[in-house]
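Single-structure report; data block below.
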Amino acid sequence: MTASPEAAAGPGFRVGIDVGGTWIKGALVDLAGGAPAGPVRRLQTPPGGSVEAVADTMDRLVAELEAESPGAADGAVGIAIPSIVQRGVARSAANMDRGWIGLDVQSYLRSRLGRPVCVVNDADAAGMAEAHYGAGAAKQGVVLVLTLGTGIGSALIVDGRLVPNFELGHLEVGGSKAESRASAVVRENEGLDWVEYADRLQQYLSHVEFLFSPDLIIIGGGISACSIEYLPRLSLRTRVVPASLENSAGVVGAALQATAGWT
Ligand code: BGC
């Protein structure tokens, strides 16, 4: 259902954008309900992922979303990117041009998009969406959200508060970086069946469990939709559940992350 301006006017609706290696997704997000208020739109990530080309695509996406529900959003935009983000500055760039590294992305996009923006790491955005509205809602203790996609993103949430930039996809397990053995894209590229893939996840998650003793692990990313194929094959002492917002968690979390500070 698309939010009409009459129904949606006010600060309860904000545009969220999630930048991935293949798609840049965006939606008008209902912050009270914690879900996209209309269809999640997506445009292809420009090849090479340069700052300028990605910013142009975001600009088009925001314009499309605003044209769809004029006056509905509060004018600000939450943006999730696959980078370590410290006070608006990107410190890494996964599957994107290296020109992102060191850039004050928040200031750049604020002037490029001509509106207040808040830039956060993509897994942190997805994690906060799950902790706030999804599979981790109202959970106390240590909640770990892992997004399995092109890489492995991670978000650590303790008693509802995010510990930002927790890069557990880069942990070394069995001599290799975890995300180069156990991401969803690696499963596809190597043609692993579910038993083989679950085996790799088991190795990774056992290590993560030993190091951090979480109370709950939430598995997100597109692959969370077929969790029935691999979750029952895992044996851990921690409860492991699929994300409930599935692929829209990044978009919802980006819109939610206003608390990280608008500029
Ligand atoms: C990056 C993370 C990102 C994750 C998912 C990793 O390669 O280092 O910052 O959250 O991919 O996109």
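A few notes on this one:
- Residue check for Leu168: under 26 Å from Ala255 (Cα atoms), hydrophobic (A, V, I, L, M, F, W, C) and away from the ligand (no atom under 13 Å from the Cβ): no
- Residue check, Val251 over 18 Å from the mean Cα position of the chain (by Cα) and either part of a strand (DSSP E or B) or over 22 Å from Val142 (Cβ atoms) (or both): no
- Options Gly114, Gly153, Gly134; residue that is buried (at least 24 other Cβ atoms within 10 Å of the Cβ), more than 15 Å from the ligand (Cβ to nearest atom) and not β-branched (Val, Ile, Thr): Gly134
- Test: residue in the range 200-221 that is more than 16 Å from the ligand (Cβ to nearest atom), crowded, with 20+ Cβ neighbours inside 10 Å and free of Cβ contacts under 8 Å to residues at least 24 places away in the same chain: yes
- Flag: Gly49 matches the condition of being at pLDDT 95 or above, on the phi > 0 side of the Ramachandran plot and over 13 Å from the mean Cα position of the chain (by Cα).
- Arg181 being outside the structural domain of Phe210 (by TED's automatic domain parsing) and either within 12 Å of the ligand (Cβ to nearest atom) or crowded, with 19+ Cβ neighbours inside 10 Å (or both): no
The values are calculated or read from the model by the stated rules, or taken from the named source; none is laboratory data. Quick caveat, the model's predicted, so the values are computed rather than measured. Because the Cβ atoms are built from the backbone with ideal geometry, glycine has one as well, and the counts that use them run over all protein chains shown.
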